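Rule-based calculations on the coordinates, nothing more; no lab input. This one's a predicted model, so the numbers in the text were calculated from it and none came from an experiment. Cβ coordinates were reconstructed from backbone atoms using ideal geometry, including for glycine residues, and neighbour counts include every protein chain displayed.
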Amino acid sequence: TMSAQPGLKPSLRFGQVVIGPPGSGKTTYCQGMQEFLTSLGRKVVVVNMDPANEGIPYSCAVDVSELVTLDDVMENLKLGPNGGLLYCMEYVEANLDWLESKLTQCSDCYFLFDCPGQVELYTHQSSVKNIFSQLAKWNFRLTAVHLVDSHYCADPAKFISVLCTSLSTMLHVELPHVNILSKMDLIEQYGKLAFNLDFYTEVMDLTYLLDHLAADPFFKKFRHLNEKLAEVIQDYGLVSFVPLNVQDKDSMIQVLRAVDKANGYCFGDLEERNLQAMMSAAVGADFQFSSTLGVQERYVETGEKTVEEEMMEL
């Protein structure tokens, strides 16, 4: 096994741990990314880390439900779905030798870990974090890909809570991190955006968002609390998002570029390196801004009125 021979360090392996709230599109992302990477010539292995994941649409090399399933835990230990899932991940943590032996069978691969959706696993419970840090000891170079439903942007209160969750996850998981606004094609499903898309992806001055929120009578009394939350998010200055529509190739390229840059894959020797690949990793904010504009033109309806006019109407 990997740890049985301390003299022989396993070769470097790259991958993504795909996390995010339930229903944010993690399994769809893994399926789409597996197909996309395979078409690029990468040998991809998907690892299902979710004991509650049934009817997996992708081919799965390692499946944690062979070790433990949520249904069994709930039935035998009389736990609910939340407590059951926490127990499952603690059980996986206690049986890391099983995971190690399964992963050893996959050599020279790029890994996608499809993780459970329960939020507290990534904000204050330590078993998943410990599993990730053990993977790092086995010479995995991983990026945490945190998916969030893009339609939360249309609701300022939900967007602030999404920012808090994203920041908390980034600080707790302790991995190179890429936040993604998933399902971009449905971004205005539940309401129009108050600002341009780059306001949300770059998490610009949140005082504008607070003004927008204060216009709602329900949130007026929480203004002080919302101000403090916005302050925390902006003081850290860590959270930003990459927009994604899994069906769109250009969108997948942007996400992959951000992920490869985060875990160092683009600087490795697993694929033919060329000047263009290195330059694409070094491209700065100008390029990101223009790509966000392109996404906005595709998915966000342009209103005739300015933000100021809309604020006046409110």
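Taking Cβ atoms as reference points and 10 Å as the exclusive limit, the residues near residue 64 contribute a net charge of -3, counting Lys and Arg as +1 and Asp and Glu as -1.
Considering the stretch 174-248, its Cα convex hull presents a mean projected area of 6.3 nm². Ellipticity at 222 nm from helices only: DSSP H runs of n ≥ 4 in the chain, each -39500 (n - 2.57), divided by the residue count, give -14500 deg cm²/dmol. The alpha carbon gyration tensor of the stretch 59-114 gives principal lengths a ≥ b ≥ c with a/c of 1.5 or higher and a/b greater than b/c, which makes the shape prolate.
Principal axis extents of the C-alpha atoms in the stretch 13-265 (largest first, rounded to whole Å): 56, 45, 31. Under 5 Å from the amide H of residue 16 lie the amide H atoms of 111, 112, 113, 143, each residue being 5 or more positions distant or on a separate chain, with H modelled from the backbone and absent for Pro and chain starts.
Between the alpha-carbon centers of the stretch 175-198 and the stretch 230-271, tell me the distance in whole angstrom. Taking the Cα centre of the stretch 230-271 as reference, the centre of the stretch 175-198 is 14 Å away. What lysines could a cross-link reach from residue 183, if we take a straight Cα to Cα line under 19 Å and drop same-chain neighbours fewer than 8 places away? Leaving aside lysines fewer than 8 places away in the same chain, those within reach of residue 183 are 26, 158, 192, 249. Decide, for the stretch 10-80, between rounded, prolate and oblate: order the square roots of the alpha carbon gyration tensor eigenvalues as a ≥ b ≥ c, take rounded if a/c falls under 1.5, and otherwise choose prolate if a/b is larger than b/c, else oblate. Here the stretch 10-80 falls in the prolate category. Only Cα pairs under 8 Å and 6+ residues apart enter the sum, and on that basis the relative contact order of the chain stands at 20 percent.
For residue 179, the residues 5 or more places off, or on other chains, whose built amide H falls under 5 Å of its own are 146, 240, 242.
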